[in-house]
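Peer 1: I have a structure here, written as structure tokens, and I will follow up with some questions on it.
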Amino acid sequence: MSAKKANLSGELKKYFGFSTFKGQQEKIIENLMNGKDVFVLMPTGGGKSLCYQLPALISEGTAIVVSPLIALMKNQVDAVNGLSSDDGVAHVLNSSLNKTQTKQVFDDIKKGKTKLLYVAPESLIKEEYLDFLKDVKISFCAIDEAHCISEWGHDFRPEYRNLKSIIDKIADVPVIALTATATPKVQDDIQKTLGMTNALVFKESFNRPNLYYEVQPKVNVDKEIVRFISRHKGKSGIVYCLSRRKVEEFAQLLQVNGINALPYHAGLDQKIRVANQDKFLMEEVDVIVATIAFGMGIDKPDVRFVIHYDFPKSLESYYQETGRAGRDGGEGHCVAYYDPKDIEKLEKFLAQKPVSEREIGLQLLNEVVGYAETSMSRRQYILYYFGENFDPVNGDGAKMCDNSSNPPKLKDATNDLKKVLEL
Ligand code: ADP
Ligand code: MG
């Protein structure tokens with residue numbers, strides 16, 4: 001065992017240049033390589049990719065990596081290919097490849113060159129790919145962003161639901177599922193759907209002690225946000241709005257107020273969208289006003305605030321969206337503006353959906369309203385939602401929310417006192 005440990009550290013250094021594993025990476029990799037199914041729940045930035053990249057690089061055969069977004073896959077393939085002097089260590093397999101390219105990928109796999117094969121779930125069902133993959137040596141299967149399997153997650157993708165039966169057709173190999181989502185419901189759903197109820201579960205804390213959580217009543221919200229951002233002049237931040245129209249309007253309003261801001265939503269021309277995102281990443285622009293289409297896979301370390309102009313639809317998505325602040329460990333101020341009327345609008349919107357979707361949506365909404373209205377530590381509330389206990393007095397980051405630094409009881413008392421005095 002100890003020899004093996006030393007060996008893994010050596011491989012880590014050799015391929016990634018890191019001298020130590022982060023969190024539970026080493027245990028995860030050991031277990032996967034010993035043939036166990038493993039389930040990894042780690043917040044964004046925790047280092048999940050390495051948990052399958054390293055074992056793939058040092059195992060015989062090809063690891064299949066299922067990932068939901070082509071852009072994310074391409075980034076990873078480039079990164080992995082950069083780790084090795086050989087070409088073709090990692091490939092993406094999808095329908096955008098022409099015949100020659102597909103043949104190249106197949107050849108590299110047959111030669112044993114390709115250690116990681118990234119596929120989107122909808123590609124994996126293609127007869128042509130299935131037939132090929134059945135006949136080659138597969139080391140294991142990794143399912144990244146595994147919460148996409150669950151309707152209770154923040155990014156449900158129906159194509160993820162049949163993964164289990166597809167993998168079973170390809171090979172009888174260990175499976176590693178990874179996600180940055182940790183609500184017990186989603187976790188349960190993932191394990192059941194993937195037939196991984198016996199998997200070893202590795203869960204790390206989802207606490208982000210450097211983020212300050214705050215909820216404000218949505219009154220004079222335009223002015224409030226302009227004021228907030230002006231106080232943080234030159235700092236990077238994201239403002240999330242529900243609708244594309246609001247995104248455009250508010251980005252304009254910020255510009256008129258001398259704030260260097262740009263809009264981002266899925267309705268913008270692709271070129272403009274990418275350009276705006278790049279300007280934000282390159283610090284040519286301070287603030288991005290966006291719908292929730294913005295953010296997945298964005299890794300900007302110094303985002304100093306995340307503001308929700310409109311309240312989020314679930315606590316899960318709120319956690320993911322605010323999680324983009326303070327990646328570098330520095331300040332990350334998260335403010336959400338709450339108006340019960342907005343919640344009513346969302347309820348009306350859900351009323352038009354099919355029953356199952358509506359019920360899930362309403363329950364998620366209830367939980368996020370609970371967050372808005374609670375007088376307890378917001379960090380405790382979020383972590384409880386993720387199945388974690390948090391000590392609101394001594395826990396790491398205990399003072400970092402409006403309710404904890406300025407307890408509502410005191411506020412109420414002052415208000416009551418004022419009323420008394422006015423009488
Ligand atoms: P996740 O998928 O969990 O969000 P990533 O796999 O993208 O996280 O990793 C986040 C960052 O952590 C990356 O920049 C990666 O290079 C770095 N990282 C991962 N493992 C280690 C390690 N053992 N030592 C140092 N940095 C690491
Ligand atoms: Mg990841």
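The values are calculated or read from the model by the stated rules, or taken from the named source; none is laboratory data. This structure is a prediction, so every number in the text was calculated from the model and none was measured. Note: ideal-geometry Cβ built from the backbone for every residue, glycine included; neighbour counts use all protein chains shown.
Peer 1: Restricting the search to the stretch 110-159, which residues are in contact with a strand residue (DSSP E or B) (Cβ under 9 Å, 6 or more places away or on another chain) and within 16 Å of ligand 1 (Cβ to nearest atom)?
Peer 2: 116, 118, 142, 143, 144, 145, 146, 147, 148, 153
Peer 1: From the list 190, 138, exactly one residue is within 16 Å of ligand 2 (Cβ to nearest atom), among the β-branched types (Val, Ile, Thr) and surrounded by 15 or more Cβ atoms within 10 Å (Cβ to Cβ). Which is it? Give the steps one after another, and end with the answer.
Peer 2: Numbers: 138 fails: within 16 Å of ligand 2 (Cβ to nearest atom).
The match here is 190.
Peer 1: Then there is this: Among what's in the stretch 87-100 and is modelled with pLDDT of 85 or more and part of a loop (DSSP other than H, G, I, E, B), pick the residue that is surrounded by the fewest Cβ atoms within 10 Å (Cβ to Cβ). Quick ask: steps written out before the conclusion?
Peer 2: Taking the stretch 87-100 and keeping what is modelled with pLDDT of 85 or more, we get 88-94, 97-100.
Going one step further and asking which of them are part of a loop (DSSP other than H, G, I, E, B), we end up with 88-89, 94, 97-98.
Details: 88: 16, 89: 21, 94: 18, 97: 15, 98: 9.
It comes out as 98.
Peer 1: Applying the selection to the stretch 65-82, what residues are crowded, with 16+ Cβ neighbours inside 10 Å and of a type outside the set (S, T, N, Q)?
Peer 2: Answer for the stretch 65-82, where residues must be crowded, with 16+ Cβ neighbours inside 10 Å and of a type outside the set (S, T, N, Q): 65, 66, 68, 69, 72, 73, 77, 80.
Peer 1: What is the number of the single condition among (1) more than 16 Å from ligand 1 (Cβ to nearest atom); (2) out of contact with any strand residue (DSSP E or B) (no Cβ under 6 Å at 6 or more places or on another chain); (3) farther than 25 Å from residue 162 by Cα that residue 59 does not meet?
Peer 2: (2)
The rows are residues; the columns are (1) aliphatic (A, V, I, L, M); (2) at pLDDT 95 or above; (3) more than 10 Å from ligand 1 (Cβ to nearest atom); (4) in a helix (DSSP H, G or I).
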{"residue": "14", "(1), (2), (3), (4)": "no, no, yes, yes"}
{"residue": "44", "(1), (2), (3), (4)": "no, no, no, no"}
{"residue": "51", "(1), (2), (3), (4)": "no, yes, no, yes"}
{"residue": "72", "(1), (2), (3), (4)": "yes, no, no, yes"}
{"residue": "75", "(1), (2), (3), (4)": "no, no, no, yes"}
{"residue": "85", "(1), (2), (3), (4)": "no, no, yes, no"}
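Peer 1: Among residues belonging to the stretch 157-178 that are within 16 Å of ligand 2 (Cβ to nearest atom) and modelled with pLDDT of 95 or more, point out the one that is surrounded by the fewest Cβ atoms within 10 Å (Cβ to Cβ).
Peer 2: If we filter the stretch 157-178 for residues that are within 16 Å of ligand 2 (Cβ to nearest atom), which is where we start, we get 157, 160, 176-178.
Imposing the further condition that a residue be modelled with pLDDT of 95 or more reduces the set to 176-178.
On the way: 176: 30, 177: 27, 178: 25.
Checked the stretch 157-178; the qualifying residue surrounded by the fewest Cβ atoms within 10 Å (Cβ to Cβ) is 178.
Peer 1: Restricting the first residue to the stretch 74-103 and requiring it to be at positive phi, which pairs with a second residue that is of a type outside the set (A, V, I, L, M, F, W, C) meet a Cβ separation below 7 Å and a spacing of at least six or different chains?
Peer 2: Taking only residues 6 or more apart or on different chains, the pairs are 88/108; 88/113; 88/114.
Peer 1: Can I ask one more? Can we say residue 274 is away from ligand 2 (no atom under 16 Å from the Cβ), more than 19 Å from residue 234 (Cα to Cα), within 22 Å of the chain's Cα centre (by Cα) and among the hydrophobic types (A, V, I, L, M, F, W, C)? Can you show your working first?
Peer 2: On the way: away from ligand 2 (no atom under 16 Å from the Cβ): yes; more than 19 Å from residue 234 (Cα to Cα): yes; within 22 Å of the chain's Cα centre (by Cα): yes; among the hydrophobic types (A, V, I, L, M, F, W, C): yes.
In short, yes.
Peer 1: Okay, moving on. For residue 19, work out the one condition from (1) over 28 Å from residue 124 (Cα atoms); (2) not in a loop (DSSP other than H, G, I, E, B) it doesn't fulfil.
Peer 2: Answer for residue 19: the failing condition is (2).
Peer 1: Do we find that residue 15 is within 18 Å of residue 116 (Cα to Cα) and within 15 Å of ligand 2 (Cβ to nearest atom) in this structure? Walk me through it before giving the result.
Peer 2: Working: within 18 Å of residue 116 (Cα to Cα): yes; within 15 Å of ligand 2 (Cβ to nearest atom): no.
In short, no.
Peer 1: Another one. What number of residues within the stretch 141-156 satisfy the criterion of being more than 15 Å from ligand 2 (Cβ to nearest atom) and under 18 Å from the mean Cα position of the chain (by Cα)?
Peer 2: Of the residues in the stretch 141-156, the ones more than 15 Å from ligand 2 (Cβ to nearest atom) are 141, 149-152, 156.
Filter once more, so that each one left must be under 18 Å from the mean Cα position of the chain (by Cα): 149-152, 156.
The number of residues fulfilling the criteria is 5.
Peer 1: Next question. Can you name the number of the only condition in (1) closer than 18 Å to residue 83 by Cα; (2) in contact with a Lys or Arg (Cβ under 9 Å, 6 or more places away or on another chain); (3) more than 16 Å from ligand 2 (Cβ to nearest atom); (4) not in a loop (DSSP other than H, G, I, E, B) that residue 63 fails?
Peer 2: (3)
Peer 1: May I pose another question? Could you give me the residue pairs with C-beta distances under 6 Å whose first residue belongs to the stretch 316-335 and is closer than 13 Å to residue 397 by Cβ, whose second residue is assigned to a helix (DSSP H, G or I) wherever it lies, and which are 6+ apart or on separate chains?
Peer 2: As it stands, the answer is 334/322, since those pairs meet every condition given.
Peer 1: Another question, then. Are there any pairs with C-beta distances below 9 angstrom linking a residue in the stretch 382-397 that is free of Cβ contacts under 8 Å to residues at least 60 places away in the same chain to a residue that is assigned to a helix (DSSP H, G or I) and among the hydrophobic types (A, V, I, L, M, F, W, C), with the two at least 6 apart or on different chains, and if so which?
Peer 2: 389/383
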